[in-house]
Amino acid sequence: MLFVACASVVATSQATSPDVDSRELMGAPLSLTTEAPKASRRIIIRASAPKPPSKRAEGEVSVRVTARWIPADPSQTVSPWLKVMLSEDAGGSGAESSGILTAGTPLTLEGVGYLSPDCELKDSCEWSRHVNFEFQANAAAGTVELEWTAQAHVRVVDTSDVPDGFTVDISEP
């Protein structure tokens with residue numbers, strides 16, 4: 001019975017092409033402080049093909065952030081938190097990753113956001129996402145230096161083949 005249930009799921013699942021990856025976007029470095037604990041950066045993901053099929057595209061965008069905590073007082077032992085969130089708008093909710101900062105030790109956070117299949121590829125598909133950074137505002141005075149990258153992974157729905165010339169780009173506007 002379980003085997004039949006598993007086979008029916010496989011038989012009815014939608015075909016998708018292999019993922020096509022964008023180049024890695026190196027975001028502009030930024031700093032957060034207790035006085036300015038939030039920042040947001042917008043990214044645009046575009047998928048296109050010279051002769052696009054009438055199919056939908058979907059995928060994910062992944063972000064990797066490396067943070068360095070520099071307390072104003074080097075003897076400070078308090079460890080504040082940092083959050084990174086991928087959302088459809090600045091300050092919105094979405095996929096979140098967080099961690100505790102320690103002076104002198106880089107912290108790496110990773111997050112993945114979904115790119116919905118609501119886009120018909122007949123022209124091109126475009127998704128806008130925000131990478132939101134938030135540092136603990138009531139922490140000891142100091143600065144968090146951030147370096148970040150983003151990469152998109154997009155596939156075409158209802159086909160097992162990648163269309164000829166299909167490309168995926170990612171950029172900051």
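The values are calculated or read from the model by the stated rules, or taken from the named source; none is laboratory data. Please read these numbers as outputs of a predicted model, since none were measured by experiment. Cβ sites come from the backbone with ideal geometry, for glycine too, and all protein chains shown count toward neighbours. Keep in mind that these areas ignore ligands, DNA and RNA; they rest on the heavy atoms of the full protein, side chains included. Shrake-Rupley method; radii C 1.70, N 1.55, O 1.52, S 1.80 Å.
Structural remarks
- Residue check, T108 over 22 Å from I44 (Cα atoms), modelled with pLDDT of 90 or more and assigned to a strand (DSSP E or B): yes
- Entry remark, the range 30-69: residues being part of a loop (DSSP other than H, G, I, E, B) and closer than 23 Å to V154 by Cβ number 7 in total.
- Qualifying positions in the range 136-154 - modelled with pLDDT of 90 or more, out of contact with any Phe, Trp or Tyr (no Cβ under 7 Å at 6 or more places or on another chain) and open to solvent by 30 Å² or more (accessible area, probe 1.4 Å): A141, T143, E145, E147, Q151, H153
- For the range 107-135, a residue qualifies if it is hydrophobic (A, V, I, L, M, F, W, C) and open to solvent by 60 Å² or more (accessible area, probe 1.4 Å), and exactly one does: V112.
- Flag: L101 does not match the condition of being touching a Gly at 6+ places or on another chain (Cβ under 8 Å) and among the hydrophobic types (A, V, I, L, M, F, W, C).
- Of the numbered criteria (1) within 15 Å of H130 (Cα to Cα); (2) part of a strand (DSSP E or B); (3) out of contact with any Ser or Thr (no Cβ under 6 Å at 6 or more places or on another chain); (4) in contact (Cβ under 8 Å) with a residue 24 or more places away in the chain, the one A95 fails is (4).
- Of the criteria (1) in contact with a strand residue (DSSP E or B) (Cβ under 7 Å, 6 or more places away or on another chain); (2) open to solvent by 50 Å² or more (accessible area, probe 1.4 Å); (3) of a type in the set (S, T, N, Q), which one S160 fails: (1)
- Total residues in the range 50-80, condition touching a Phe, Trp or Tyr at 6+ places or on another chain (Cβ under 7 Å) and buried (at least 20 other Cβ atoms within 10 Å of the Cβ): 3
- E96 closer than 21 Å to R56 by Cα and of a type in the set (D, E): no
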